[in-house]
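The values are calculated or read from the model by the stated rules, or taken from the named source; none is laboratory data. This structure is a prediction, so every number in the text was calculated from the model and none was measured. As a convention, Cβ positions derive from the backbone with ideal geometry for all residues, glycine included, and neighbour counts pool all protein chains shown. To get the accessible areas, we keep the full protein, side chains included, count just its heavy atoms, and leave off ligands, DNA and RNA. Shrake-Rupley method; radii C 1.70, N 1.55, O 1.52, S 1.80 Å.
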Amino acid sequence: MSKVCYYIMAMKVVLTSFIRFLLLCIVGSVASGFLFMLYNGCVSYVIGTGGNLFSLKFFIDGILLAFPSILLFAPMFLMFPLMRHGSATRFFGMLAISVFCLAAWLFVVPLCAKGALETNALFEKPASELSTGYFRKINGRIYYFSKVEGNYVSGLRFDNGFTARNSSLQEVQVLKDDYVVFERDIYGFSDPIVGENLKPPVVVSVLFLGMFSLVRSTFSACASGILNWLSFSSIMFALLFVGFLLSLSSWRLVDAFLVTFFTFAIIVLNYLYLNFYFSPFLNQFDSMGGFFIFLKNNFQLFMNVVIIIILCIVGLISFYVSNKKKLKG
């Protein structure tokens with residue numbers, strides 16, 4: 001009877017993990033698609049014109065771009081409920097989570113990459129045409145447009161800025177069908193006036209740009225062949241092996257902190273490597289030849305394997321110590 005109860009509990013954990021995984025992917029993707037749609041509507045808005053916040057294309061683009069990011073954090077969120085279970089049923093839960101996350105990562109993410117390429121989701125959209133009748137600061141100069149036709153404008157340009165007290169000292173240039181390139185700012189805003197008022201906090205901006213960079217690297221790895229994709233996918237394996245820390249402490253809060261910390265640490269380390277922050281260190285391997293050149297070319301895989309080994313050792317030691325205490329008790 002005890003074995004029957006054990007298997008029922010194990011199946012229950014697997015089923016609930018699957019339901020949580022589906023809800024996380026579906027709700028997260030839909031919410032991200034909606035936020036991405038609103039974001040693009042805001043950054044493309046030009047003051048004085050009719051804005052459109054709702055776009056089916058941007059909604060789909062948001063889902064395609066957000067899904068890999070959701071999967072990167074899925075193991076962490078799915079591990080939290082497992083802390084309430086015993087070690088036996090927790091094993092089946094982690095096994096189920098690993099199968100779900102790896103299957104989605106290896107087979108669904110490449111489909112997202114293909115879809116994003118077809119819809120041009122990864123590439124920055126051209127800036128919207130600016131409206132007339134407003135003072136704007138563009139490339140350190142103040143402009144006032146009386147006519148805008150594409151990139152050709154007429155109006156005034158104040159080369160040394162513009163203030164009410166020093167207006168007589170300004171170098172004012174009259175523009176007549178001059179060519180001006182409208183570019184989005186670092187946050188993606190087309191209109192400088194809108195960008196000045198809706199500029200996101202630095203933390204939000206860094207997080208958004210960091211995740212977008214990881215998604216771009218993920219899609220690039222998808223298109224680089226199976227071996228490169230499997231090597232890049234070592235990041236998902238490393239995130240799943242964080243599950244070895246679930247029994248590290250008798251306090252659930254400590255386990256939750258460790259799972260969160262190592263999840264972010266793995267993602268940040270992979271981000272730093274993919275954005276060439278390790279290049280000054282890795283370039284020194286060129287002069288060493290042989291194995292070190294191989295290590296440099298496969299450093300992401302090596303780094304994630306080392307992380308996996310460390311997590312396994314820490315988890316196994318913790319499991320051994322806890323069992324030894326139980327035997328003594």
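Among the numbered conditions (1) more than 30 Å from Leu130 (Cα to Cα); (2) out of contact with any helix residue (DSSP H, G or I) (no Cβ under 7 Å at 6 or more places or on another chain); (3) open to solvent by less than 30 Å² (accessible area, probe 1.4 Å), the only one that Ala103 does not meet is (3). Among residues belonging to the range 107-146 that are among the hydrophobic types (A, V, I, L, M, F, W, C) and open to solvent by 60 Å² or more (accessible area, probe 1.4 Å), point out the one that is farthest from Gly195 (Cα to Cα). Restricting to residues being among the hydrophobic types (A, V, I, L, M, F, W, C) and open to solvent by 60 Å² or more (accessible area, probe 1.4 Å), the top hit is Phe107.
Looking at the range 265-288, is at least one residue at negative phi, under 15 Å from the mean Cα position of the chain (by Cα) and of a type in the set (Gly, Ala, Ser)? Checking the range 265-288: at least one residue is at negative phi, under 15 Å from the mean Cα position of the chain (by Cα) and of a type in the set (Gly, Ala, Ser). Answer yes if at least one residue in the range 264-272 is at pLDDT below 95 and buried (at least 17 other Cβ atoms within 10 Å of the Cβ), and no otherwise. The answer is no, given that none of the residues of the range 264-272 is at pLDDT below 95 and buried (at least 17 other Cβ atoms within 10 Å of the Cβ). For the range 278-290, a residue qualifies if it is surrounded by 12 or more Cβ atoms within 10 Å (Cβ to Cβ) and either touching a strand residue (DSSP E or B) at 6+ places or on another chain (Cβ under 8 Å) or not in a helix (DSSP H, G or I) (or both), and exactly one does: Phe278. Just one residue in the set Ile47, Ile63 is closer than 25 Å to Ala96 by Cα, of a type in the set (Val, Ile, Thr) and open to solvent by less than 70 Å² (accessible area, probe 1.4 Å); that residue is Ile63. Looking across the range 185-207 at every residue that is part of a helix (DSSP H, G or I) and surrounded by 16 or more Cβ atoms within 10 Å (Cβ to Cβ), the one that is modelled with the lowest pLDDT is identified as Gly195. Restrict the check to the range 291-307 and report whether at least one residue is open to solvent by 70 Å² or more (accessible area, probe 1.4 Å), of a type in the set (Val, Ile, Thr) and in a helix (DSSP H, G or I). No, every residue in the range 291-307 fails to be open to solvent by 70 Å² or more (accessible area, probe 1.4 Å), of a type in the set (Val, Ile, Thr) and in a helix (DSSP H, G or I). Any residue in the range 21-32 that is under 17 Å from Phe123 (Cβ atoms) and touching a helix residue (DSSP H, G or I) at 6+ places or on another chain (Cβ under 8 Å)? No, the range 21-32 contains no residue that is under 17 Å from Phe123 (Cβ atoms) and touching a helix residue (DSSP H, G or I) at 6+ places or on another chain (Cβ under 8 Å). Restricting the range 79-100 to residues that are open to solvent by less than 30 Å² (accessible area, probe 1.4 Å) and of a type in the set (Gly, Ala, Ser) leaves a set whose member that is farthest from Ser220 (Cα to Cα) is Gly93.
Of the residues making up the range 8-25, those that are farther than 15 Å from Phe73 by Cβ and either exposed (fewer than 12 other Cβ atoms within 10 Å of the Cβ) or not hydroxyl-bearing (Ser, Thr, Tyr) (or both) number 11. On inspection, Met76 qualifies as surrounded by 18 or more Cβ atoms within 10 Å (Cβ to Cβ) and either in contact with a Ser or Thr (Cβ under 7 Å, 6 or more places away or on another chain) or of a type in the set (Lys, Arg) (or both). Residue count for the range 148-160 under the criterion of being open to solvent by less than 70 Å² (accessible area, probe 1.4 Å) and closer than 13 Å to Val180 by Cα: the result is 8. When Leu111 is tested against (1) touching a residue at least 24 places away in the same chain (Cβ under 8 Å); (2) out of contact with any helix residue (DSSP H, G or I) (no Cβ under 8 Å at 6 or more places or on another chain), only condition (1) is not met. Among the residues of the range 6-25, the ones that are closer than 13 Å to Phe100 by Cβ and not basic (Lys, Arg) come to 12 in all. Among the residues of the range 216-263 satisfying the criterion of being open to solvent by 40 Å² or more (accessible area, probe 1.4 Å) and of a type in the set (Phe, Trp, Tyr), which is farthest from Ser318 (Cα to Cα)? Among them, the one singled out is Phe237.
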